[in-house]
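So the structure is just underneath, and the comments pick up after that.
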Amino acid sequence: MKTLLILRHAKSSWKKPGLTDHDRPLNKRGKHDAPRMGKLIREKGLIPNLIVSSSAKRARQTADRIAQACGYQSEVRIENDLYLAYPEVFIQILKFLSDEFDSVMVVGHNPGVEELLRLLTEREEAMPTAALAHLILPIQHWSEMNSQTTGKLTNLWRPKELPE
């Protein structure tokens with residue numbers, strides 16, 4: 001069994017209209033919510049062996065804040081292909097991971113993260129900014145990942161539903 005954490009980046013800023021979408025940073029709420037989700041990951045004992053993030057600034061900042069708050073000790077892997085990726089792209093990236101990683105977190109964007117969650121669990125769930133889904137996948141090796149893999153959604157946390 002492999003554990004997959006799917007995270008949508010935290011809330012981003014629209015204050016500088018000249019910035020490209022890829023370069024938008026987190027806003028105040030995003031900077032607040034990301035560490036809260038990291039703390040939750042630590043408290044639930046879900047610190048991943050690997051964090052893989054979209055290259056967008058808001059996703060990288062989210063991943064970094066979560067990594068720091070949960071006690072993740074390794075480098076966050078940046079994948080350009082996860083920027084606005086469809087589920088198939090996530091699956092291809094996961095498929096080629098080393099089996100040394102039992103637990104992996106991917107940090108991406110909507111609609112891709114919601115579609116990935118639906119594809120892997122056959123459940124339709126809203127993934128607002130900084131939402132975190134915890135899945136157990138019925139595979140022994142990441143190379144077994146494909147669009148037919150159906151995992152179990154064990155929990156879904158949304159920042160607005162958590163106590164301050």
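Readers should treat all values here as calculations from the given coordinates under stated rules, not as data from a laboratory. Since the model is a prediction, treat every value here as computed from it, not as a measurement. Because the Cβ atoms are built from the backbone with ideal geometry, glycine has one as well, and the counts that use them run over all protein chains shown.
Quick look at the values:
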{"read-out": "Selection count, region 138-148, where residues are touching a residue at least 40 places away in the same chain (Cβ under 8 Å) and part of a loop (DSSP other than H, G, I, E, B)", "value": "7"}
{"read-out": "Residue in region 62-83 that is surrounded by the fewest Cβ atoms within 10 Å (Cβ to Cβ), counting only those that are among the acidic types (Asp, Glu) and in a helix (DSSP H, G or I)", "value": "ASP81"}
{"read-out": "Unmet criterion (only one of (1) of a type in the set (Val, Ile, Thr); (2) part of a loop (DSSP other than H, G, I, E, B); (3) in contact with a Ser or Thr (Cβ under 6 Å, 6 or more places away or on another chain)) for ILE47", "value": "(3)"}
{"read-out": "Of all residues in region 84-122 being in a strand (DSSP E or B) and in contact with a His (Cβ under 9 Å, 6 or more places away or on another chain), the one that is surrounded by the fewest Cβ atoms within 10 Å (Cβ to Cβ)", "value": "GLY108"}
{"read-out": "Residues of region 1-43 classified as surrounded by 14 or more Cβ atoms within 10 Å (Cβ to Cβ), assigned to a loop (DSSP other than H, G, I, E, B) and either more than 16 Å from the chain's Cα centre (by Cα) or among the charged types (D, E, K, R) (or both), total", "value": "6"}
{"read-out": "Number of the condition not met by SER55 [criteria: (1) in contact with a helix residue (DSSP H, G or I) (Cβ under 8 Å, 6 or more places away or on another chain); (2) surrounded by 14 or more Cβ atoms within 10 Å (Cβ to Cβ)]", "value": "(2)"}
